[in-house]
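Q: Have a look at this one before I ask anything.
The values are calculated or read from the model by the stated rules, or taken from the named source; none is laboratory data. These numbers were taken from a predicted model, which means no experiment stands behind them. In this analysis, Cβ positions are derived from the backbone assuming ideal geometry, glycine residues included, and neighbour counts consider all displayed protein chains. Calculation scope for accessible area: heavy atoms of the full protein, side chains included, ligands and nucleic acids excluded. Shrake-Rupley method; radii C 1.70, N 1.55, O 1.52, S 1.80 Å.
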Amino acid sequence: MAAPVSLEQYGIHVKDVRRNMVPAVLYEHAMSQDSSAAITRPGALAISSGSKTGRSPRDKRITEHPQSADNIWWGPVNIPIDEHVFEINRERAIDYLNTRKCLYVVDSYAGWDPRWRIKVRVICELPYHALFMRNMLVTPTDEELQNYGSPDYVVYNAGKFPANRHTTSMSSKTSVDISFESREMVILGTEYAGEMKKGVFTVMNYLMPLNGVLSMHCSANEGPEGDATLFFGLSGTGKTTLSADVSRRLIGDDEHCWTDAGIFNIEGGCYAKAVHLSAKKEPEIYRAIRFGAVLENVVFDPVTHEVDYTDTSITVNTRAAYPLSFIENAKVPAVGGHPTNVIFLTYDAFGVLPPVAQLTPAQAMYHFISGYTAKVAGTEMGVSEPQVTFSACFGAAFLVWHPSKYAELLAKKMSRHNVHAWLINTGMSGGRHGAADRISLKHTRAIIGAIHDGSLAKVPTVTDAIFGFAIPTECQGVPAGMLLPRQTWADPSAYDEVATKLAGLFDENFKLYEDHCAPEVAQAGPRPATTQPV
C-alpha cells in the first residue's frame with residue numbers, strides 16, 4: 001500500500017485517505033461497506049453500480065472557456081457549461097466527499113508511452129471504484145509512485161450524491177463535468193464506474209490531437225512479426241472478442257493512441273461485456289475474470305456464487321474490468337509499432353454489407369467518419385426494423401474535436417505507413433435480422449486470419465455496384481457463396497431494395513460532415529446502382 005496522501009489542497013479535510021490500496025484490501029472494504037458485494041466462484045468481485053447500469057452521455061458537460069472553446073465540437077456530444085456552473089458542481093462534490101469517514105485515492109497513468117502519458121488522480125468513496133480504476137489505468141511502479149508528484153488531472157467521484165437539477169445547464173440528477181483549463185472532472189449522481197474510464201478517454205481525445213497524436217476508440221493486437229492491427233467498432237460489433245486472439249498478443253481492447261513512433265494503449269486494463277460470456281467462445285476473456293477483476297451487475301447463484309452470464313435481469317450491460325496482464329498473451333508494456341492493417345467492424349442487421357471488403361484510402365475515411373452499425377429492434381409496439389446507428393470515428397460520444405480532425409490524422413498516418421483498410425460485417429448474412437443468421441465467429445476469425453497472413457489482399461475481387469468497395473471472392477475457411485451478399489439472399493430484388501435504402505441512410509448521415517471533408521472522401525460513399533449489383 002502506498003504512503004498516505006493529504007487532500008487538503010483540494011479543500012478535502014478527511015483524514016483517513018487510503019492511497020493505491022491492493023486488491024485484497026479493497027475486496028475487504030467493499031464487502032464490509034456494500035451489501036451487494038460478493039466474491040464469485042472465479043474470484044472476481046461482483047458489485048452493483050446502483051440505479052445507473054450504463055453511461056449517461058446526455059449528462060456530460062464540457063466547460064466553455066476561451067482557451068479551448070474554438071477546438072471543441074459543440075453540440076449534443078459536447079454540451080457546454082460555464083465556469084461558474086462547473087465550480088458549483090465541484091464544490092458540491094467536495095462538500096459531499098468531506099462528509100465521508102474514509103476516502104480512496106488512485107494515482108495512476110493514462111497511457112503506456114512515457115512520452116505521452118498523463119498522471120490521473122481519482123478521489124472516490126467506494127472501494128469498488130478504486131479497484132475499477134486501479135484495473136483500468138496504468139499502475140505506477142513503487143518507484144514511480146514515490147516520485148509521482150502532482151497529478152495532471154483530478155477526478156472527483158461523488159457519484160452517490162446527486163447534482164442539483166435546478167442548477168443552470170443541468171438536465172437531471174446526474175452530471176459528469178470536465179474542465180480542460182482546471183484539469184478536473186466532477187461526477188455527481190451516478191455510481192456507474194464506466195463514467196470515470198470514458199471521462200479520462202475524453203480528456204485524452206482533447207489533449208492528444210493538440211500534439212498531432214491520434215487518439216482512437218479501437219482495440220489492437222500484434223502478430224509474431226510485430227505487425228499490429230487496429231479494430232474500430234461500436235458496442236456489439238466484436239471489437240474486444242476479435243482482438244483477443246491466441247495467435248497474437250493483445251495490446252488493448254478499447255482505447256489507443258497513434259504517434260510518430262507507433263501505437264500505445266491508453267489503459268492498463270480491459271472492460272469487456274460479460275453478457276453470454278462463455279469459455280468456449282471467448283476463452284481468453286473468460287479466464288481473465290478471476291481474483292482482482294470486477295464484475296458489474298451480474299447475477300450469481302447465492303449458494304455456489306457461480307455467475308450466470310446469460311441472466312440479464314439487472315441489465316444487458318453486464319461488464320468485467322480486469323488488468324491487461326490477466327490476458328495470457330497480452331503485451332506489456334502495451335505499445336506497438338505502426339499498424340499494418342486497420343479494420344472497421346460493423347454489425348449490419350440488414351444483411352447488406354459483405355463479410356469483408358477492402359477499402360481505398362478515401363473509402364476508409366468515409367467509413368471511419370460514418371461509423372456505421374445497426375442495433376436489433378426492441379419489443380416496443382410498432383418497431384419491427386433494425387435501428388441504424390452512425391457514430392463518427394466509431395466513438396462519437398467521446399470525441400472533443402470535430403470528427404474531421406481525427407479523420408485527417410488517421411488519413412495521414414495510414415498514407416505514411418502504407419496501411420491496408422478493411423470493412424468487416426459481423427452482423428447478418430442472407431437477409432435481415434429475423435430472417436437470416438448472423439455471420440459466425442468462426443468465419444469472421446478466418447477472414448481476419450487471411451488479412452493477417454496477407455493472403456486476402458492477393459485474391460480476386462469484384463466491385464460492389466452500390467457501395468463501391470472491393471469484395472474478395474474467396475477466403476480459406478469461409479464458404480465462397482457467402483462472400484457476395486446479394487447472392488446469399490433468396491430474393492435478389494429484395495436485397496437491392498434494402499441495399500439502396502441503407503445507401504441512402506449513409507448519404508443522409510454524411511451530409512453532416514461533408515463540408516469538412518475533401519471532395520474525394522465525400523464521393524467515396526455508396527451510390528444508387530447503375531448496373532446489375534454483385
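Q: Checking the conditions here, which among Ala407, Ala362, Ala397 is over 22 Å from Phe469 (Cβ atoms), not in a loop (DSSP other than H, G, I, E, B) and not charged (D, E, K, R)? It would help to see each step written out before you state the result.
A: Values: Ala407 fails: over 22 Å from Phe469 (Cβ atoms); Ala362 fails: over 22 Å from Phe469 (Cβ atoms).
Ala397 is the lone residue from the list that is over 22 Å from Phe469 (Cβ atoms), not in a loop (DSSP other than H, G, I, E, B) and not charged (D, E, K, R).
Q: Please go through region 94-124 and give me each residue that is in a strand (DSSP E or B) and in contact with a Cys (Cβ under 9 Å, 6 or more places away or on another chain), ordered by number.
A: Leu103, Tyr104, Val105, Val106
Q: Next up: Within 17 Å of the chain's Cα centre (by Cα) and within 19 Å of Ser243 (Cβ to Cβ): which single residue out of Phe390, Phe394 fits that description?
A: Phe394
Q: Does Gly212 satisfy being over 23 Å from Tyr10 (Cα atoms), open to solvent by 10 Å² or more (accessible area, probe 1.4 Å) and either in contact with a Leu (Cβ under 8 Å, 6 or more places away or on another chain) or at pLDDT 95 or above (or both)?
A: Yes, satisfied.
Q: Same structure, new question: Go through region 331-349 residue by residue and tally those that are under 19 Å from Thr237 (Cβ atoms), open to solvent by 10 Å² or more (accessible area, probe 1.4 Å) and in contact with a His (Cβ under 8 Å, 6 or more places away or on another chain).
A: Total meeting the criteria: 0.
Q: Evaluate the following for Thr63: is it under 19 Å from Leu188 (Cβ atoms) and more than 22 Å from the chain's Cα centre (by Cα)?
A: Considered against the rule, which asks whether it is under 19 Å from Leu188 (Cβ atoms) and more than 22 Å from the chain's Cα centre (by Cα), Thr63 comes out as yes.
Q: Could you please let me know if Asp113 is among the charged types (D, E, K, R), open to solvent by less than 20 Å² (accessible area, probe 1.4 Å) and either within 19 Å of Asn265 (Cα to Cα) or over 22 Å from the mean Cα position of the chain (by Cα) (or both)?
A: Details: among the charged types (D, E, K, R): yes; open to solvent by less than 20 Å² (accessible area, probe 1.4 Å): yes; either within 19 Å of Asn265 (Cα to Cα) or over 22 Å from the mean Cα position of the chain (by Cα) (or both): yes.
Criteria met by Asp113.
Q: Looking at region 204-231 only, could you name the residues that are within 30 Å of Val154 (Cβ to Cβ), within 14 Å of the chain's Cα centre (by Cα) and among the hydrophobic types (A, V, I, L, M, F, W, C)? Walk me through it before giving the result.
A: At the first step, the residues of region 204-231 found to be within 30 Å of Val154 (Cβ to Cβ) are 204-220.
Those still in the list that are within 14 Å of the chain's Cα centre (by Cα) too: 204-205, 215-220.
Hits for region 204-231 are Met204, Met216, Cys218, Ala220.
Q: Filter region 437-465 down to the residues that are in contact with a strand residue (DSSP E or B) (Cβ under 7 Å, 6 or more places away or on another chain) and closer than 26 Å to Asp496 by Cα and list them by number.
A: Within region 437-465, Asp437, Arg438, Ile439, His443, Thr444, Ile447, Val459, Thr461, Val462, Thr463, Asp464 qualify.
Q: Which residue out of Val176, Val154, Val186 is surrounded by fewer than 22 Cβ atoms within 10 Å (Cβ to Cβ), among the hydrophobic types (A, V, I, L, M, F, W, C) and at pLDDT 95 or above?
A: Result of the check over Val176, Val154, Val186: Val154.
Q: Can you pull out the residues in region 309-330 that are open to solvent by 30 Å² or more (accessible area, probe 1.4 Å) and closer than 21 Å to Lys52 by Cα?
A: Those that are open to solvent by 30 Å² or more (accessible area, probe 1.4 Å) and closer than 21 Å to Lys52 by Cα: Thr310, Asp311, Thr312, Ser313, Ile314, Val316, Arg319.
Q: Among the residues that make up region 371-381, is at least one of them charged (D, E, K, R) and more than 30 Å from Phe506 (Cα to Cα)?
A: no
Q: Using the structure shown, decide if Arg58 is part of a helix (DSSP H, G or I), of a type outside the set (S, T, N, Q) and either open to solvent by less than 10 Å² (accessible area, probe 1.4 Å) or touching a residue at least 24 places away in the same chain (Cβ under 8 Å) (or both).
A: yes
Q: Something else about it: Looking at this structure, is His217 closer than 16 Å to Lys198 by Cβ, touching a residue at least 40 places away in the same chain (Cβ under 8 Å), open to solvent by 10 Å² or more (accessible area, probe 1.4 Å) and touching a strand residue (DSSP E or B) at 6+ places or on another chain (Cβ under 9 Å)?
A: For His217, the condition - closer than 16 Å to Lys198 by Cβ, touching a residue at least 40 places away in the same chain (Cβ under 8 Å), open to solvent by 10 Å² or more (accessible area, probe 1.4 Å) and touching a strand residue (DSSP E or B) at 6+ places or on another chain (Cβ under 9 Å) - is met.
Q: If you scan region 139-151, which residues turn out to be open to solvent by 50 Å² or more (accessible area, probe 1.4 Å) and in a loop (DSSP other than H, G, I, E, B)? Give the derivation first.
A: At the first step, the residues of region 139-151 found to be open to solvent by 50 Å² or more (accessible area, probe 1.4 Å) are 139, 141-144, 146-147, 149-150.
Selection gives Thr139, Thr141, Asn147, Gly149, Ser150.
Q: May I pose another question? If a residue must be of a type outside the set (D, E, K, R) and touching a strand residue (DSSP E or B) at 6+ places or on another chain (Cβ under 7 Å), how many such residues does region 57-86 contain? Steps first, answer last, please.
A: Let us first name the residues in region 57-86 that are of a type outside the set (D, E, K, R), namely 57, 62-63, 65-69, 71-81, 84-86.
Filter again for touching a strand residue (DSSP E or B) at 6+ places or on another chain (Cβ under 7 Å), leaving 62-63, 72, 74, 78-81, 86.
Matching residues across region 57-86 total 9.
Q: Restricting to region 27-52, name every residue that is part of a loop (DSSP other than H, G, I, E, B), in contact with a strand residue (DSSP E or B) (Cβ under 9 Å, 6 or more places away or on another chain) and either open to solvent by less than 50 Å² (accessible area, probe 1.4 Å) or of a type in the set (D, E, K, R) (or both).
A: Residues of region 27-52 part of a loop (DSSP other than H, G, I, E, B): 34-37, 40-44, 48-52.
Then drop every residue that is not in contact with a strand residue (DSSP E or B) (Cβ under 9 Å, 6 or more places away or on another chain), which leaves 34, 36-37, 40-42, 44, 48-49.
Listed by number, the residues that qualify are Asp34, Ser36, Ala37, Thr40, Arg41, Ala44, Ser48, Ser49.
Q: Do the conditions hold for Glu306, that is, is it touching a Ser or Thr at 6+ places or on another chain (Cβ under 8 Å) and loosely packed, with under 14 Cβ neighbours inside 10 Å?
A: Numbers: touching a Ser or Thr at 6+ places or on another chain (Cβ under 8 Å): yes; loosely packed, with under 14 Cβ neighbours inside 10 Å: yes.
It is true that Glu306 is touching a Ser or Thr at 6+ places or on another chain (Cβ under 8 Å) and loosely packed, with under 14 Cβ neighbours inside 10 Å.
Q: How many of the residues making up region 238-267 are open to solvent by less than 10 Å² (accessible area, probe 1.4 Å) and at pLDDT 90 or above? Don't jump to the end; show me each part of the working.
A: Initial filter on region 238-267 (open to solvent by less than 10 Å² (accessible area, probe 1.4 Å)): 242-244, 250-253, 255-259, 262-267.
If we keep only those that are at pLDDT 90 or above too, we end up with 242-243, 250-253, 255-259, 262-267.
Adding up the residues that qualify gives 17.
Q: Sort out which residues of region 65-83 are in contact with a Pro (Cβ under 9 Å, 6 or more places away or on another chain), of a type outside the set (S, T, N, Q), open to solvent by 30 Å² or more (accessible area, probe 1.4 Å) and not in a loop (DSSP other than H, G, I, E, B), and write them in order of number.
A: Matches in region 65-83: Trp74 only.
Q: Is there a residue in region 18-26 that is in contact with a Cys (Cβ under 9 Å, 6 or more places away or on another chain) and open to solvent by 10 Å² or more (accessible area, probe 1.4 Å)? Step through it out loud before you land on a result.
A: Start the filter on region 18-26 by keeping residues that are in contact with a Cys (Cβ under 9 Å, 6 or more places away or on another chain), which leaves 18.
Those left that are additionally open to solvent by 10 Å² or more (accessible area, probe 1.4 Å): 18.
There is at least one residue in region 18-26 that is in contact with a Cys (Cβ under 9 Å, 6 or more places away or on another chain) and open to solvent by 10 Å² or more (accessible area, probe 1.4 Å).
Q: Can you name every residue in region 161-176 that is assigned to a strand (DSSP E or B) and closer than 20 Å to Thr99 by Cβ?
A: Ser175
Q: Here is a follow-up. Quick one: which strands (runs of 3 or more DSSP E) sit completely within region 180-248 and have at least 1 residues that are over 18 Å from Leu410 (Cβ atoms)?
A: 184-188, 214-222
Q: Here is a further query. Suppose the filter is under 25 Å from Phe132 (Cβ atoms), open to solvent by less than 20 Å² (accessible area, probe 1.4 Å), touching a strand residue (DSSP E or B) at 6+ places or on another chain (Cβ under 9 Å) and in contact (Cβ under 8 Å) with a residue 40 or more places away in the chain; does Tyr96 pass it?
A: Numbers: under 25 Å from Phe132 (Cβ atoms): yes; open to solvent by less than 20 Å² (accessible area, probe 1.4 Å): no; touching a strand residue (DSSP E or B) at 6+ places or on another chain (Cβ under 9 Å): yes; in contact (Cβ under 8 Å) with a residue 40 or more places away in the chain: yes.
Here the answer is no, as Tyr96 does not meet what is asked.
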